[in-house]
Structure formats: structure tokens, C-alpha cells
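Nothing in this text is a laboratory measurement; each read-out follows from the coordinates by a stated rule. Only a predicted model underlies this, so the values are computations on that prediction, with no experimental measurement involved. Because the Cβ atoms are built from the backbone with ideal geometry, glycine has one as well, and the counts that use them run over all protein chains shown.
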Amino acid sequence: MSIGTVAFRVLVTDAIDEAAARFYEHHGFARLHAEAPCRLVLDLEPLVR
């Protein structure tokens, strides 16, 4: 068994509360869905250009 390359495009986080969610938004994260307002994602593609 060999280990190959692993690639990912987004980073997902669950903020512990609304204040933490606003902190993540300030740093470029976006809310994923209205039904899960503390789940946020960050698109990592701009970091690898």
C-alpha cells in the first residue's frame, strides 16, 4: 500500500458561537448554509496561485 497525494480545495470550520463566526468571516471565511450558521468555509485556491 502506498500513500499518494491528497489535495483539498476548502477548509471547513464550525465556530463555537456567533462571535467566533464573525471572527472567521473577518478573515475571509464564508457561511456555508443558513441552516448551519456557525459552519464556515475558506476557499484555499487563492493561497496556491
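Observations on the structure shown:
- Neighbour net charge for Ala20 - beta-carbon separation under 15 angstrom, K R +1, D E -1: -1
- Residue by residue, segment 17-22 carries 3J(HN,Hα) couplings of 6, 5, 4, 5, 4, 5 Hz when phi is fed to the Karplus relation 6.51 cos²θ - 1.76 cosθ + 1.60 (θ = phi - 60°); x denotes Gly or Pro.
- For GluC sites (Glu not before Pro), the sites in segment 12-41 that DSSP calls loop and that have at most 12 other Cβ atoms within 10 Å are Glu35.
- Loop-located trypsin sites (Lys or Arg not before Pro) in segment 9-46 (DSSP state other than H, G, I, E, B) with a sparse environment of at most 11 neighbouring Cβ atoms within 10 Å: Arg9.
- About the Cα centre, charge dipole magnitude for the chain (Lys/Arg +1, Asp/Glu -1 at Cβ), debye: 200 debye
- Helical mean residue ellipticity (222 nm; -39500 (n - 2.57) per DSSP H run of 4+; nearest 500) of the chain: -5000 deg cm²/dmol
- Mean projection area, nm², convex hull over Cα of the chain: 4.9 nm²
- Under 5 Å from the amide H of Val10 lie the amide H atoms of Leu44, each residue being 5 or more positions distant or on a separate chain, with H modelled from the backbone and absent for Pro and chain starts.
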